[in-house]
Each structure stands twice: as structure tokens, then as C-alpha cells.
Amino acid sequence: MWYENKVTQLLNIKYPIIQAGMAGGVTTPELVAAVSNSGALGNLGAGYMSPEQMQETIKKIKQVTDKPFGVNLFIPENAEVSEEEVIKANEWLQPFREELNLSEQSEVKKPNALFFEEQINILLEEKVKVCSFTFGLPSKEIVQKLKKENIVVIGTATTVEEAIANEELGIDMVVVQGSEAGGHRGTFSGSFKDAMIGTMALVPQTVDNVNIPVIAAGGIMDGRGVLSALILGAQAVQMGTAFVTSVESGADKQHKEAILNSTEDQTVVTSAFSGKPARGIRNDFITKMANHEEELPKYPIQNTLTKSIRSEAAKQNHPEWMSLWSGQNPRLSKQQPVSEMLAEIISQVDTIIKNKNEVW
Ligand SMILES: Cc1cc2nc3c(=O)[nH]c(=O)nc-3n(C[C@H](O)[C@H](O)[C@H](O)COP(=O)(O)O)c2cc1C
């Protein structure tokens with residue numbers, strides 16, 4: 001069958017479809033479980049979670065599925081920042097705070113170096129089956145520690161070179177993130193602009209240059225996208241935006257509505273919210289901050305500075321100041337339960353294969 005391959009075997013799932021770990025509240029236990037219970041791989045986006053929150057959520061997922069699921073983590077980044085940069089950024093953010101009646105500026109929170117290690121320990125303790133990373137490479141020791149416990153390790157790459165670096169480290173499979181992708185860019189070596197390569201070009205070039213299985217991500221929303229990625233040589237797909245609008249997703253309702261009502265020309269890549277380039281739907285915040293992008297503190301500092309603006313904007317129903325992450329394929333988004341969405345995708349692939357003489 002078209003859906004049986006090395007990735008489905010290694011991950012012990014039926015269909016080669018992975019729901020992206022999406023940090024920030026989208027990947028509720030209900031979403032992760034619904035995906036895994038439908039035969040694909042659900043993933044908890046735990047990048048922003050404290051080790052305690054992460055453990056609690058993993059336990060909740062286990063209560064609603066006995067199928068394999070994964071956890072996605074962020075590789076910690078050096079957060080060098082000058083006081084001057086923070087003062088300037090706060091000045092540019094002040095008009096948004098005033099509109100929202102926010103009296104206090106957010107504190108600059110530097111990441112806790114132990115946080116990541118503790119997250120890894122929770123994964124081991126909870127015997128999670130799959131662990132994926134973005135924003136860089138974990139240390140060799142961490143990869144070995146996870147693999148020793150039979151945890152499948154998945155990396156993220158935005159160029160062929162980054163995929164090779166994942167393979168050389170002993171990582172089991174690699175998600176290649178095309179420039180269409182919603183959310184943050186996973187680029188970790190070289191210029192992010194040079195690494196804006198479309199999925200159609202990135203997948204076959206990576207497949208030709210690594211031996212580990214390649215997972216295609218970016219702009220894949222339905223059976224046509226899934227089968228195309230497999231034909232290009234990917235052994236699975238990772239989908240984000242398509243799951244954001246699902247019934248089980250924990251995304252804010254304004255975020256879901258924005259994706260459901262957007263078109264292909266309305267997304268942009270911006271660093272304004274977090275200090276790291278990410279694709280989302282263009283809004284007033286992005287437009288007004290565009291001139292300052294180059295001077296903002298880098299991720300994760302800028303992310304902490306905008307946190308209260310983003311959450312308060314959601315509370316007060318101002319989507320124009322929220323981060324509305326979306327890939328370039330929002331016209332294909334639907335609001336439906338995960339089981340229905342995945343059944344539809346599988347049936348679309350089956351139909352295309354069955355009618356291939358008419359299609360090709
Ligand atoms: C709302 C949202 C949040 C995301 N958060 C993460 C994350 O925490 N970790 C990660 O590896 N990728 C994250 N991504 C990127 C996905 O892994 C994937 O590359 C992308 O969704 C694929 O493109 P698509 O959105 O067009 O399907 C996120 C994507 C979206 C849309």
C-alpha cells in the first residue's frame with residue numbers, strides 16, 4: 001500500500017502523516033490524541049512549556065490515547081541582547097500597549113539553561129516514543145541518550161546542508177521545511193533568506209543527498225499535497241496549518257478564523273513578534289513594525305517583550321495585533337474534526353491512485 005514505508009514502520013503508525021508540534025497552545029491533548037487515534041502521528045508542541053507543564057500534558061495525552069505520539073522541543077539559543085536594543089524595542093511596542101491599556105512592559109526573561117535538559121529528562125521518564133527538534137541540532141550526547149531508550153529522534157532542516165548535518169549527528173529522520181511553511185523558520189546555519197526554498201525544490205534535492213528518511217513540510221493540506229510529497233521521495237509529510245483550524249485545536253478563535261478567511265497572497269515572513277522569522281497572516285502589528293525588524297532584539301528576547309501584547313490582543317479580540325501563524329495554503333483550510341480531515345485526505349490519495357490513468 002502507498003502508506004507503508006520505513007517512516008510508518010519506525011514510528012509504528014498507519015499513515016505517513018505527522019501533525020506538527022506547534023508550541024503556544026494549539027496542540028491540546030485532544031488534538032494530539034485525535035491525530036494518533038486516526039492512525040497518524042500527533043505531536044505535542046512543548047517548546048515554550050516548563051518541564052512541569054510538559055509532564056502534566058504528556059500524562060493527559062496518555063489518558064486519551066494508547067497510540068504513539070511525539071513531543072517537539074526548541075533547541076535553546078544564545079540570547080545576547082543590549083539594554084539599548086530593549087529600550088528601543090519597548091518604545092516601538094508602547095503604542096500597542098497603550099491601545100490595549102497595558103500599563104507594564106514585559107520583563108526581559110532570559111531562557112533558563114537547565115530548562116532544556118529537564119525537558120529531555122521528562123521525555124525519558126515518560127517514555128515518549130518520538131522526539132523532534134527545531135531551531136538547531138541537539139548535542140550528540142542527547143541524541144545518544146534518546147536513542148538508547150528507543151526514542152525515535154527527528155530533526156528539522158531548511159536546506160540540504162542542514163539535513164546532512166542532522167544525518168551526521170545520528171538523527172533518525174529529518175523534516176525539511178519549505179518556505180511555504182507556517183510558523184517559525186527552523187533555519188540554524190547560514191542566512192535565513194537564502195534558506196527560503198520551496199517544498200517542491202527542497203524535498204527531491206534532500207532525498208538525493210541523505211540516506212535517512214525525509215519528511216516534507218510546507219503548504220501540504222490535502223491528499224494532493226501528501227501524494228506529491230511522496231512522489232518527490234519524501235516518506236512522510238508534516239502538516240501544521242491544516243491542523244490549526246481543526247475542531248480539536250487549541251488555537252484562538254481569531255487565529256482559526258483568520259486562516260479560514262485568508263488567501264495565498266496574505267501571508268508574510270516577519271521577525272516582529274519574536275525576533276525570529278516566521279510566516280503568518282499580515283496584520284497591523286506586522287505592517288507597523290516592519291521598518292524596525294532589523295533592529296529588534298533576537299529570539300527569544302523579542303518574544304518575551306511582545307508576550308503580553310499578543311495575549312491581551314487575543315483577550316480583547318484584536319486579531320490585528322496577534323501572531324496569526326499560517327502557511328501559504330490557507331484557502332485549503334477547513335474547520336472539521338481531525339478524524340474527518342484525515343479520513344478525507346486518505347480517501348483523496350486512494351482516489352488519485354485508483355484513477356491514475358485518467359490523471360496522468
Ligand atoms: C501555528 C504554528 C505553530 C508552529 N510551531 C512549531 C513548533 O513549535 N515547532 C516546530 O518544529 N514547528 C512549528 N511549526 C512549523 C511546522 O513544524 C511546519 O513546518 C509547518 O506547519 C508546515 O507548513 P504548513 O503550516 O503549511 O503545513 C508551526 C507551524 C504553525 C502553523
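The values are calculated or read from the model by the stated rules, or taken from the named source; none is laboratory data. Computed from a predicted model, the values in this text were never measured in an experiment. With ideal geometry, Cβ positions are generated from the backbone for all residues, glycine too; neighbour counts draw on all protein chains shown.
Side notes on the structure shown:
- Test: residue in region 332-340 that is among the acidic types (Asp, Glu) and under 18 Å from residue 226 (Cα atoms): yes
- If the condition is being more than 13 Å from the ligand (Cβ to nearest atom) and more than 23 Å from residue 298 (Cβ to Cβ), then region 180-197 contributes no residue at all.
- Residues being in a helix (DSSP H, G or I) and more than 14 Å from the ligand (Cβ to nearest atom) - total across region 164-179: 4
- Residues considered: 51, 68. Of these, the only one that is in contact with a strand residue (DSSP E or B) (Cβ under 8 Å, 6 or more places away or on another chain), surrounded by fewer than 23 Cβ atoms within 10 Å (Cβ to Cβ) and modelled with pLDDT of 95 or more is 68.
- When every residue of region 299-306 is checked against the conditions, none turns out to be assigned by TED's automatic domain parsing to the domain that holds residue 22, hydroxyl-bearing (Ser, Thr, Tyr) and either surrounded by fewer than 15 Cβ atoms within 10 Å (Cβ to Cβ) or assigned to a loop (DSSP other than H, G, I, E, B) (or both).
- Within region 1-18, the residues that satisfy the criterion of being closer than 15 Å to residue 349 by Cα and of a type outside the set (Phe, Trp, Tyr) are 1, 4, 14, 16, 17.
- Verdict on residue 128 being away from the ligand (no atom under 13 Å from the Cβ), under 22 Å from residue 67 (Cα atoms) and touching a residue at least 12 places away in the same chain (Cβ under 8 Å): yes
- Checking each residue in region 210-225 for being in contact with a strand residue (DSSP E or B) (Cβ under 9 Å, 6 or more places away or on another chain), outside any loop (DSSP other than H, G, I, E, B) and not small (Gly, Ala, Ser) picks out 214, 215.
- Test: residue 306 is modelled with pLDDT of 95 or more, closer than 14 Å to residue 93 by Cβ, among the hydroxyl-bearing types (Ser, Thr, Tyr) and away from the ligand (no atom under 15 Å from the Cβ): yes
- Count of residues meeting criterion [more than 15 Å from the chain's Cα centre (by Cα), within 24 Å of residue 316 (Cα to Cα) and in contact (Cβ under 8 Å) with a residue 40 or more places away in the chain] in region 262-284: 6
- Within region 226-239, being of a type outside the set (A, V, I, L, M), out of contact with any strand residue (DSSP E or B) (no Cβ under 6 Å at 6 or more places or on another chain) and not in a loop (DSSP other than H, G, I, E, B) holds for one residue alone: 228.
- Total residues in region 240-257, condition within 11 Å of the ligand (Cβ to nearest atom) and assigned to a helix (DSSP H, G or I): 6
- Region 308-360 - residue that is part of a helix (DSSP H, G or I) and among the hydroxyl-bearing types (Ser, Thr, Tyr) and, of those, surrounded by the most Cβ atoms within 10 Å (Cβ to Cβ): 308
- Candidates 98, 77, 84, filtered to the one that is closer than 22 Å to residue 134 by Cβ, surrounded by fewer than 23 Cβ atoms within 10 Å (Cβ to Cβ) and acidic (Asp, Glu): 77
- The helices (runs of 4 or more DSSP H) located wholly in region 1-111 that include 3 or more residues which are free of Cβ contacts under 8 Å to residues at least 40 places away in the same chain occupy 29-37, 51-64, 83-99.
- Looking at 144, 94, just one residue is out of contact with any Pro (no Cβ under 8 Å at 6 or more places or on another chain) and over 30 Å from residue 272 (Cα atoms), and that residue is 144.
- Hey, residue 195 crowded, with 16+ Cβ neighbours inside 10 Å and more than 21 Å from residue 140 (Cβ to Cβ) or not: yes
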